[in-house]
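Engineer: Have a look at this one.
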Amino acid sequence: MTPVVQVVAATKAFGANAVLAGIDLAVAEHEAVVLIGASGSGKSTLLRCIDLLEEIDDGDILLDGEVISDPAVNVDAVRRRIGMVFQQFNLFPHLDVLTNITLAPTRVHGTPRAAAEARARELLARFGLAGREREYPDRLSGGQQQRVAIIRALATDPRVLLLDEVTSALDPELVGEVLDLIGELKGDGMTMVIATHEMAFAREVADEICFLHQGAIIESGQPSTLLDDPKAEETRRFLQRIHSKR
Amino acid sequence: MGAAPDRQEVRRQARRSRARRDRATASAATLIVVAALVLAVVLAPGWPSVRQSFLSWDDLRRAFPDILTGFWLDVRMFLATEPIVLVLGLTIALVRVTRAPVLFPVRAAAIAFTDVFRGVPTILVIFGVGFGVPALGFSWLTNDEVILGCTALTLSYSAYVAEVFRAGIVSVHPSQRAGARALGLTAGQTTRFVVLPQAIRRVVPPLLNDFISLQKDVALVSILGPVEAYRQAQIYGSEYFNYTPLLGAAALYLCVTIPLTRITDRLQDRQLARRSTGGAA
Ligand SMILES: Nc1ncnc2c1ncn2[C@@H]1O[C@H](COP(=O)(O)OP(=O)(O)O)[C@@H](O)[C@H]1O
Ligand SMILES: [Mg+2]
């Protein structure tokens, strides 16, 4: 079966700084691939390249078998098929929760307002945010804001959801509610690429974990294999540092 | 817990009496300063002559109706100019922030426009347009001094207002744009639905400041001939050898500019408060 997302020998440099050094990655439908690695290892850049927010220098990125990294591709049309959630939520502060969620469906996908709102309310209710429709983002806790941001990305029915350290900006007691939501999406069969530092969560949700080091995936495998019995020295050192911080 | 209401009541009273004391101190200080200023003026050696030339009630009463008519012209010039300034300023700002290569010539023109008209004194722009345009001799161009004057003001103020809008647009954090683009919004939709609404909210106070300036600068159009409030007051002043009519004109400008100033300050305070509570992300 064609992978939903495929990255083939992708490279990317910012000036002299080679940030992605030949990445190969395939994400099958309904799979969750988790990216781990030290800060600066290129996780965000990889996700941004998949969403075409950055251009790769060389290699290919495919969505459902179609090359999307070609300069001739309409990037707006591609992004409509991909959902992305950021560390800092990036909610629109001047729009209330409901309008944040319905903006893309109504303006980009041409969904009638009533249908878009009904869908948004349904998602809000499912993820414990019923009654918050008319609140503004700054009235919500960080965990609530991030849940709204994920719902906003879901509301356009993306083929794949890219999550970039979505709990890193949260107070520790709010992390759980966001991870629970992502766990539910996994249960729904959502295809996801997730960058995170939450190892317990990675173990739970991932079909495959990729360890990034200086812009290259130097080791990947099933959670139990990679986390409990890492082969590469760098992976071992990274995991030790993470565990000693807890 | 049971004794708490008592303590709270005592605290509330203490707070209230402190507020009363603060108000009394402020009022007393103001009174003393004002009294000192008035005394200084009244006791000045030139006071009797100043009083005669600046505070002649009779001269003011005779001149005032015409000054008021002139002021109505000021207000109309302001009302006609300001909306065009807003539209033109916003357009120039948008042109300057777009990166489309096709728009390069337009962008260069926009930069030249803002550089020139912000750099030249408004009064020179009014001279240039007011006397230069009719000198071209095109029969289809207007010779109406009011229209020419307002055109000059529009050029000058659009340059300022464009920079205000541009500052607002670039102050919206790039992550907002990324959030919108990630949702599939086009560059244009991102600007329209995400960036501009936030930018405009932020620049309302500085825009109102420019409104206030414009409401005063319409008087400059009088150098082309139209008799508005300032010019009318000046005419009466030289007729009566008395400055009181000018004071009357000044009072009229203040009637408009002070409320505008108060609104601006109020909005600015509110935004600062909002930002310090983390509201405007
Ligand atoms: N827009 C950019 N311009 C220049 N360098 C960048 C930019 N974005 C990221 N980088 C650099 O790329 C490297 C990888 O960053 P990033 O992808 O954010 O890593 P991670 O998400 O794993 O922490 C870092 O060295 C960072 O400084
Ligand atoms: Mg990152």
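The values are calculated or read from the model by the stated rules, or taken from the named source; none is laboratory data. Keep in mind the model is a prediction, meaning the values are calculated, not measured. Reconstructed Cβ throughout: ideal geometry from the backbone, glycine too, with neighbour counts over all protein chains shown. Each accessible area value is taken on the protein alone, full model and side chains, heavy atoms only, with ligands, DNA and RNA left out. Shrake-Rupley method; radii C 1.70, N 1.55, O 1.52, S 1.80 Å.
Engineer: Helix A:97-107 against the longest principal axis of chain A: what's the angle in degrees, Cα atoms only, rounded to the nearest 10?
Structural biologist: 80 degrees
Engineer: Read phi for every residue in the range A:183-196 and hand back ³J(HN,Hα) as whole Hz from Karplus 6.51 cos²θ - 1.76 cosθ + 1.60, θ = phi - 60°, with x for Gly and Pro.
Structural biologist: Calculated HN-Hα couplings, in order: x, 4, 4, 4, x, 6, x, 5, 7, 9, 10, 10, 9, 7 Hz.
Engineer: For B:189-199, what's the mean count of beta carbons from other chains sitting within 10 Å of each residue's beta carbon?
Structural biologist: What the average comes to for B:189-199 is 3.
Engineer: Hey, another quick one. For the interface of chains B and A, what total accessible area is buried with a 1.4 Å probe, rounded to the nearest 100 Å²?
Structural biologist: Counting protein atoms only, the buried area is about 1800 Å².
Engineer: While we're here: Do you know the relative contact order of chain B, to the nearest whole percent, from alpha carbon pairs under 8 angstrom that are 6+ apart?
Structural biologist: Dividing the mean separation by the residue count of chain B yields 27 percent.
Engineer: Just in the range B:173-256: which chymotrypsin sites (Phe, Trp or Tyr not before Pro) are loop by DSSP and have at most 16 other Cβ atoms within 10 Å?
Structural biologist: Those satisfying the criteria are B:Phe241.
Engineer: Give a residue-ordered list of calculated ³J(HN,Hα) values for the range A:32-38 (Karplus: 6.51 cos²θ - 1.76 cosθ + 1.60, θ = phi - 60°; whole Hz; x for Gly, Pro).
Structural biologist: Residue by residue, the range A:32-38 yields 10, 9, 9, 9, 10, x, 4 Hz.
Engineer: Still on this structure: Residues with beta-carbon under 12 Å from that of A:Ser224, excluding A:Ser224: net charge, scoring Lys, Arg +1 and Asp, Glu -1?
Structural biologist: Result for the neighbourhood of A:Ser224: -4.
Engineer: Let me check against my output: what whole-number percent is the relative contact order of the range B:75-226, with C-alpha pairs under 8 Å and at least 6 apart?
Structural biologist: RCO, the range B:75-226: 34 percent.
Engineer: Going by alpha carbons, how many degrees (0 to 90, nearest 10) lie between the helix axis of A:233-245 and the longest principal axis of chain A?
Structural biologist: 50 degrees
Engineer: Which whole number gives the average count of other chain Cβ atoms within 10 Å of the Cβ atoms across peptide A:90-98?
Structural biologist: 6
Engineer: I've got another one for you. Compute the whole-percent fraction of alpha carbon pairs in the protein assembly as shown spaced more than 40 Å apart.
Structural biologist: Pairs farther apart than 40 Å: 48 percent.
Engineer: Per the helix-only calculation at 222 nm, which mean residue ellipticity applies to chain A, given -39500 (n - 2.57) for every DSSP H run of n ≥ 4 and division by its residues, nearest 500 deg cm²/dmol? Show your work: numbers first, answer last.
Structural biologist: On the way: 9 runs with 94 residues, N = 246.
Using -39500 (n - 2.57) per qualifying helix, the result is -11500 deg cm²/dmol.
Engineer: Follow-up. In chain B, which whole DSSP H runs stretch at least 30 Å along their own axis (Cα) and average 0.5 or higher on the Kyte-Doolittle scale?
Structural biologist: B:57-97, B:145-171
Engineer: Provide, for q = 0.10, 0.12, 0.15, 0.16 Å⁻¹, the log10 of I(q)/I(0) from a solvent-free Debye sum over equal Cα point scatterers in chain B.
Structural biologist: Per q value, in the given order, log10 I(q)/I(0) is -0.79, -0.97, -1.18, -1.25.
Engineer: Here's another thing I want to ask about it. Excluding residues on the same chain fewer than 8 positions from A:Lys231, give the aspartates and glutamates whose Cα lies under 14 Å from its Cα.
Structural biologist: Leaving aside aspartates and glutamates fewer than 8 places away in the same chain, those within reach of A:Lys231 are A:Glu219.
Engineer: Moving on to the next point. For chain B, what does -39500 (n - 2.57) per DSSP helix run (n ≥ 4), summed and divided by total residues, give at 222 nm, in deg cm²/dmol to the nearest 500?
Structural biologist: Taken over chain B, the calculation gives -26500 deg cm²/dmol.
Engineer: Keeping every protein chain present and rolling a 1.4 Å probe, give me the accessible area per residue for the range B:217-280 in Å².
Structural biologist: 56 Å²
Engineer: Turning to a different aspect of this structure: Report which residues of the range A:102-125 become buried by 10 Å² or more of accessible surface when going from the isolated chain to the complete set of protein chains (1.4 Å probe; DNA, RNA and ligands ignored).
Structural biologist: Listed by number, the residues meeting the 10 Å² cut-off are A:Leu103, A:Ala104, A:Arg107, A:Val108.
Engineer: In a Debye calculation with equal point scatterers on the alpha-carbon sites of chain A and no solvent, what is log10 I(q)/I(0) at q = 0.11, 0.14, 0.17 Å⁻¹?
Structural biologist: The computed values of log10 I(q)/I(0) come out as -0.58, -0.94, -1.33.
Engineer: Ok, one more. Counting Lys +1, Arg +1, Asp -1, Glu -1, what net charge surrounds A:Val108 among other residues with beta carbon under 10 Å of its beta carbon?
Structural biologist: +2
Engineer: Normalized C-alpha radius of gyration of the range B:12-127, against 2.2 N^0.38 Å?
Structural biologist: Against the compact-globule rule of thumb, the ratio is 1.97.
Engineer: Please compute, for the alpha-carbon atoms of the range A:147-189, the extent along each of the three principal axes and give them in descending order in Å.
Structural biologist: Taking the Cα atoms of the range A:147-189, the three principal extents are 30, 18, 15 Å.
Engineer: Two decimals is fine: what is log10 I(q)/I(0) at q = 0.12, 0.16, 0.23, 0.24 Å⁻¹ for the range B:64-154, from a Debye sum with one equal scatterer on every Cα and no solvent?
Structural biologist: The Cα Debye sum returns log10 ratios of -0.51, -0.82, -1.18, -1.20.
Engineer: Could you order peptides B:113-124, B:161-172, B:59-70 by the average number of other Cβ atoms within 10 Å of their residues, highest first?
Structural biologist: Those peptides, ordered most packed to least, come out B:161-172, B:59-70, B:113-124.
Engineer: A further question on this structure: How far, in degrees from 0 to 90, does helix A:142-154 lean away from the longest principal axis of the Cα atoms of chain A, to the nearest 10?
Structural biologist: Value to nearest ten degrees: 90.
Engineer: When Cβ neighbours within 10 Å are restricted to other protein chains, what is their mean count per residue of peptide B:172-181? Present the calculation step by step, with values, prior to reporting the outcome.
Structural biologist: On the way: counts 2, 3, 1, 5, 5, 2, 7, 12, 7, 7.
Mean shielding count: 5.
Engineer: Name the residues whose placed amide hydrogens come within less than 5 Å of the amide hydrogen of A:Ala216, ignoring near sequence neighbours (fewer than 5 apart) on the same chain.
Structural biologist: Excluding prolines and chain starts, which carry no amide H, the hits are A:Ala21.
Engineer: Tell me, rounded to the nearest percent, the portion of alpha carbon pairs in the range B:125-212 spaced more than 16 Å apart.
Structural biologist: So the pairs more than 16 Å apart make up 64 percent of the total in the range B:125-212.
Engineer: For the range A:216-222, take each phi angle, set θ = phi - 60°, evaluate the Karplus expression 6.51 cos²θ - 1.76 cosθ + 1.60, and give the result in whole Hz per residue in order, putting x for glycine and proline.
Structural biologist: Coupling constants for the range A:216-222: 10, 7, 8, 7, 8, x, 5 Hz.
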